[in-house]
Every structure is written in C-alpha cells, then in structure tokens.
Amino acid sequence: MATSKSTKTTAEPETVEAVNDATETAKTMAEQVSVLAEKAVIVPIGASLIVRDDLTNALRKLQKKYTTSAGLEKELTRYEKRGARARNRFEKQVRSQRTKLEREIKARRKDLEKQSSAVTSRVEGFVSAAQGLIS
C-alpha cells in the first residue's frame, strides 16, 4: 500500500496544476472576450465623435464665410469667376471643334469634287464614244 500512497501524492500536484492551467485559460479567454466587448462599444462611439467634430468644423467654416456681407460677396465673386472660366473654356472647346469639323468637311468636299470630275470626264468619254459608234 505504500506504493499507492506515493502515487496518490504525486497525482495531487498534477491535478492541482491542471486545474490551475484550466483556470488560467478561462481567465485569459474571459479577458479576451472582455477586451473585444469593450472595443465593440468604444469603436462606434469614437467614430461618431470624429464625424461630429468634422461636421462641426465644416459648419463653423461655412458660418464664418457667409455670416458677413463682405464674406458673402467674396464667395459670390469667387463663384462668378469660376463660372466665367468654365464658360470661356467651353466656348473655346466649341470653337475649336467647329473649326476642326469645318476643315474636315472642306477636305471631304474637295475629294468628292475630284472624284466627281473624274467620273464626269469618264462619262463624257463614254457618251462621245457611243455617239461616234452611232454616227
């Protein structure tokens, strides 16, 4: 029976160690779950606060621009200049495209006139040959 007693004493520390390991693993898992749950709550709150700050800053900038008549006039002048630049750029593009199209039409017209005169001269040749055969 001495052997069973010695086996019993060595088994107890192993069992206690296994229980301690299991307890430590459970604590680690609980801590991980706790950290994840905390992040799940904190991240959306932080994101909404950042959006709020950005929106507040944008509204302050707009308020600063448009609350005084001088600021409003400055912005209107800026918009007017931007619109005029866009209009001028568009008109320039239209003129350029029109000129390009006119050149293309003129070149094609010349080609058609050359082909037309060649066909006309051939037809006149056939007609004169046919009249020569008939007479």
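None of the figures in this text is laboratory data; all of them are computed from the coordinates on show. What you see is a predicted model, and the numbers here were worked out from it, not measured in a lab. Here the Cβ is made from the backbone with ideal geometry for all residues, glycine too, and neighbour counts use every protein chain on show.
Give me the extension gain from Glu38 to Thr68: residue separation times 0.36 nm, minus the current Cα-Cα distance, reported in nm with one decimal.
Numbers: separation 30, 0.36 × 30 = 10.80 nm, distance 4.61 nm.
Additional length available on full extension: 6.2 nm.
Using a 7 Å offset from Cα along Cα-Cβ at Val119, what residues in region 74-104 end up with backbone N under 18 Å from the label point?
none
Can you tell me which aspartates and glutamates have their Cα less than 17 Å from the Cα of Lys114? Leave out same-chain residues fewer than eight positions away.
Cross-link targets: Glu104, Glu124.
How big is the chain by the Kirkwood estimate over distinct Cα pairs, in Å? The partial results should precede the final answer.
Working: mean 1/r = 0.0372 Å⁻¹.
By the Kirkwood definition, the hydrodynamic radius is 26.9 Å.
List the lysines whose alpha-carbon lies under 17 Å from that of Lys100, not counting same-chain residues fewer than 8 positions away?
Lys92, Lys110
What nm distance separates the two modelled labels at Glu91 and Thr77, each placed 7 Å from Cα along Cα→Cβ?
2.2
Could you give the distance between the Cα centres of region 82-111 and region 33-65, to the whole Å?
If we compute the Cα centre of each part, the gap is 51 Å.
Cross-link partners among aspartates and glutamates for Lys27, C-alpha distance below 18 Å, same-chain residues fewer than 8 apart left out?
Glu17, Glu38
Gly83: net charge of surrounding residues, Cβ under 13 Å, Lys/Arg +1, Asp/Glu -1, itself excluded?
Details: positive: Arg78, Lys81, Arg82, Arg85, Arg87, Arg89; negative: Glu75, Glu80, Glu91.
With Lys, Arg at +1 and Asp, Glu at -1, the net is +3.
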